[in-house]
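J.: Shown below is the structure under consideration.
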Amino acid sequence: MPLSLSPAVLEVANAAVRFGEVRALDGVSLAILPGECIGLVGHNGAGKSTIVAVINGDLTPQQGEIFSDGSRLVPYGIGVARSRGVRCVFQELSLCPNLSITENTRIMHRNLGGFGWRARARTIINASLDAVFPNHGIDVGGPVGALSIAQRQMVEIAMAFSDAGQPPRLVILDEPTSSLDAGLAAQLLAHVRRFVATGGAVILISHMLNEILETASRIVVMKDGKIVAERGAGGFDHAGLVEAMGSVASHEAVARRSTAATDMVLELSPPKGQPFRAFKGEVVGMAGLGGHGQTRMLLALFDHHSPQWWPRRDAAVTFVAGDRRENGIFDLWSILKNMTVASLGDLSRRGLLQDAAEATRGAEWKERIEIRTPDMNNPILSLSGGNQQKVLFARALSTRAPVVLMDDPMRGVDVGTKHEVYGMIRAEAEEGRTFVWYSTEMEEMQLCDRVYVFRNGTIVAELVGEAISEQNILRASFEGAAA
């Protein structure tokens, strides 16, 4: 029998899942009621993705039962989940890039076939985009491959909330704002509150704890495959939530560079706007609304300082991709091979890779950045999204490149690891390494020595030291001028 007294939209009772020796879920029970937003938090590898896969019908637990509206569902799979109104927006976006947004909508809603389906699909996705992201400016007739990562995330979110005859009842949002700027994130969270107020249910997974505290009605904390805390959102504050996750909250500001930098290592003058410069030992931020040229500038810097015909043994720059599935990981390779691919020159002798040196490098970074895996030879896709991102970060930092370009590298990384990585960045910068860092998280910009604000593809402001503040960044983003 189900555990809750009220009929739940969906309920998982005593679920257990093992992957070899890894216990991903250890007797987890969770009921999702109509009219509530559950904030699901925990470190990378805590079990969040696994319980989501069970609820979404992607994964059948070795133990446990699933109920909906008081009835036990046997068997339970993706088809049954969809028929019960369960929708999921995964952290790894799943739209088909070679198809239009309208055609992707047809894939989501199988009942849209027949004469005139394109017009109906266009109307449905347009209405949902307008509801979630007013003034979105997205052409639903265009190909998904032409969209920015933020726009793809917007489309996938709107698709989950869309109604083509089978209305959504439970929407699972896995790091939904990881590629969205502050304005788009606010629009989404406002829509979540409206959806819940009308009787819908939402599971919100986010490492941005302020979003959880401000949006969720109930918070569930997972650790090592178990639920370790569960209560109303009012029962937590930021520090208490971090403590429940098993981390030590660090609110200390990272000291900025105090001496004037003179050794320039990067310079690029675009056709319009201010030139971009970075000096040795600096942490330089790129801010502004998402999609306003920050990623294009990072790619231009990489191209400008990389050889076009033959790779250098000692690369001048290295890159941490923001869209790891598109530009970061090699899906068919192991965790170890994904991590060491940028350091093969250091790990080879007379053109032959030294397996022992590679294994030692992998073990060192597995421990240093806490990659959650029992074996670095496991496939990269065996890791959670956040742990995949850690691998990309370890790949870049383990090279000898003096400049690290980072395209929103903390997407999907838990708060404890973030603070450890912040410390690594500052320590490396003090040794003379330069970091160029685009982030959609405002607090990360305040860890930088200097910040360039982008608007409409150009640099419109340069903020230094104490001038780096959320107020000044937002003012420059919208007005095009520094305070």
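Quick note: the coordinates plus some simple rules give every number you see, no bench work behind them. Being a predicted model, the structure only gives us computed values, none of them experimental. All Cβ positions, even for glycine, are placed from backbone atoms using ideal geometry, and neighbour counts span all protein chains on display.
J.: Using 0.36 nm per residue, how much length does the chain from GLN354 to ASP69 gain when fully extended, once their Cα-Cα distance is taken away? Don't jump to the answer; show the numbers that get you there.
T.: Working: separation 285, 0.36 × 285 = 102.60 nm, distance 5.78 nm.
Stretched out fully, the GLN354 to ASP69 stretch lengthens by 96.8 nm.
J.: From Cα pairs below 8 angstrom and at least 6 apart in sequence, can you work out the relative contact order of the chain, rounded to a whole percent? Display every interim value, and only then the final one.
T.: Numbers: 925 pairs, mean separation 80.3, N = 483.
So the answer I get is 17 percent.
J.: Based on other C-beta atoms within 10 Å, arrange PHE319, PHE302 from fewest to most.
T.: Numbers: PHE319 25, PHE302 17.
If I rank by nearby Cβ atoms, fewest first, I get PHE302, PHE319.
J.: Okay, next question. So for the range 10-245, what percent of the C-alpha to C-alpha distances run longer than 33 Å?
T.: Values: 4553 of 27730 pairs.
For the range 10-245, the share of Cα pairs beyond 33 Å comes to 16 percent.
J.: Once every DSSP H run of n ≥ 4 in the chain is given -39500 (n - 2.57) and the sum is divided by its residues, what mean residue ellipticity at 222 nm do you get, rounded to the nearest 500 deg cm²/dmol? It would help to have the intermediate numbers written out before the result.
T.: Working: 15 runs with 157 residues, N = 483.
Using -39500 (n - 2.57) per qualifying helix, the result is -9500 deg cm²/dmol.
J.: At 10 °C and 1.306 mPa s, grab the translational diffusion coefficient of the range 264-479 from Stokes-Einstein with a Kirkwood Rh over Cα pairs, rounded to a whole number in µm² per second.
T.: Details: Rh = 17.9 Å.
The calculation lands on 89 µm²/s.
J.: Take the Cβ-Cβ distance between MET264 and ASP224 as r, set R0 to 56 Å, and report the resulting FRET efficiency rounded to the nearest 0.05. Don't skip to the end; give the middle numbers.
T.: Values: r = 47 Å, r/R0 = 0.84.
The value I calculate is 0.75.
J.: When the Kirkwood radius is taken over all Cα pairs of the chain, what Stokes-Einstein diffusion coefficient follows at 20 °C and 1.002 mPa s, in µm²/s?
T.: Answer, rounded: 90 µm²/s.
J.: Can you tell me the FRET efficiency between ASP139 and GLN166 if r is taken as the Cβ-Cβ distance and R0 is 25 Å, rounded to the nearest 0.05?
T.: Numbers: r = 26 Å, r/R0 = 1.04.
Efficiency at R0 = 25 Å is approximately 0.45.
J.: Now a separate question. Can you give me the relative contact order of the range 118-164 as a percent, contacts being Cα pairs under 8 Å and 6 or more apart? Walk me through the numbers on the way to the answer.
T.: On the way: 25 pairs, mean separation 25.6, N = 47.
With pairs under 8 Å counted, the relative contact order is 55 percent.
J.: To continue, here is another question. If Rh is defined by the Kirkwood formula over all Cα pairs and Rg also comes from Cα, what ratio Rg/Rh do you get for the range 120-188? Spell out each step's value before the answer.
T.: Details: Rg = 11.6 Å, Rh = 12.4 Å.
The Rg/Rh ratio comes out at 0.94.
J.: Within a Cβ distance under 13 Å of THR458, other residues only, what is the Lys/Arg minus Asp/Glu net charge? If you can, show how the numbers build up before the last one.
T.: Numbers: positive: LYS272, ARG296, ARG455; negative: GLU462.
Within the 13 Å Cβ shell, the charges total +2.
J.: Same structure again: Pairs LYS337/LYS418; LYS48/LYS223; LYS337/LYS390: which are spaced more than 18 Å apart, C-alpha to C-alpha?
T.: Check vs 18 Å cut-off fails for LYS337/LYS418.
J.: What are the ³J(HN,Hα) values, in whole Hz, obtained from phi via the Karplus relation 6.51 cos²θ - 1.76 cosθ + 1.60 with θ = phi - 60°, for each residue of the range 334-343 in sequence order, with x given for Gly and Pro?
T.: Result, ordered by residue: 6, 4, 4, 5, 5, 7, 9, 4, 8, 10 Hz.
J.: If we count other beta carbons within 10 Å of each Cβ, what is the order of LEU241, LEU332, fewest first?
T.: Numbers: LEU241 23, LEU332 10.
The order, fewest Cβ neighbours first, is LEU332, LEU241.
J.: Additional query: Roughly speaking, what is the centre-to-centre gap between the range 121-139 and the range 296-375 when only Cα atoms are used, to the nearest Å?
T.: 39
J.: Just to be sure I understand the rule: take each whole DSSP H helix in the chain, project its Cα atoms onto its long axis, keep it if the span is 30 Å or more and its mean Kyte-Doolittle hydropathy is at least -0.5. Which ones pass?
T.: Values: long enough: none.
Answer set is empty.
J.: Which residue, chosen from THR123, ILE172, ALA201, occupies the Cα position most advanced towards the positive end of the dipole of the range 10-245, where the dipole is computed from +1 (Lys, Arg) and -1 (Asp, Glu) charges on Cβ about the Cα centre?
T.: Towards the positive end, the residue furthest out is THR123.
J.: Mind checking the full-extension length gain between PHE115 and ALA131? Use 0.36 nm per residue of separation minus the Cα-Cα distance, one decimal, nm. Walk me through the numbers before you get to the answer.
T.: Values: separation 16, 0.36 × 16 = 5.76 nm, distance 2.63 nm.
Gain in length upon complete extension: 3.1 nm.
J.: Hey, another quick one. Based on DSSP loop calls and a cut-off of at most 14 other Cβ atoms within 10 Å, the longest stretch of the chain free of exposed GluC sites (Glu not before Pro) is what?
T.: Numbers: sites that count: GLU21, GLU252, GLU431.
Counting at most 14 other Cβ atoms within 10 Å as exposed, the longest clean stretch of the chain is 22-251.
J.: Going by C-beta contacts inside 10 Å, put MET410, MET376 in order with the fewest on the left. Write out the running numbers ahead of the final one.
T.: Details: MET410 25, MET376 21.
Least crowded to most crowded, the residues run MET376, MET410.
J.: Quick one: of the DSSP bridges fully inside the range 264-479, what percent are antiparallel, nearest 5?
T.: On the way: 13 of 30 bridges.
Antiparallel bridges: around 45 percent, rounded to the nearest 5.
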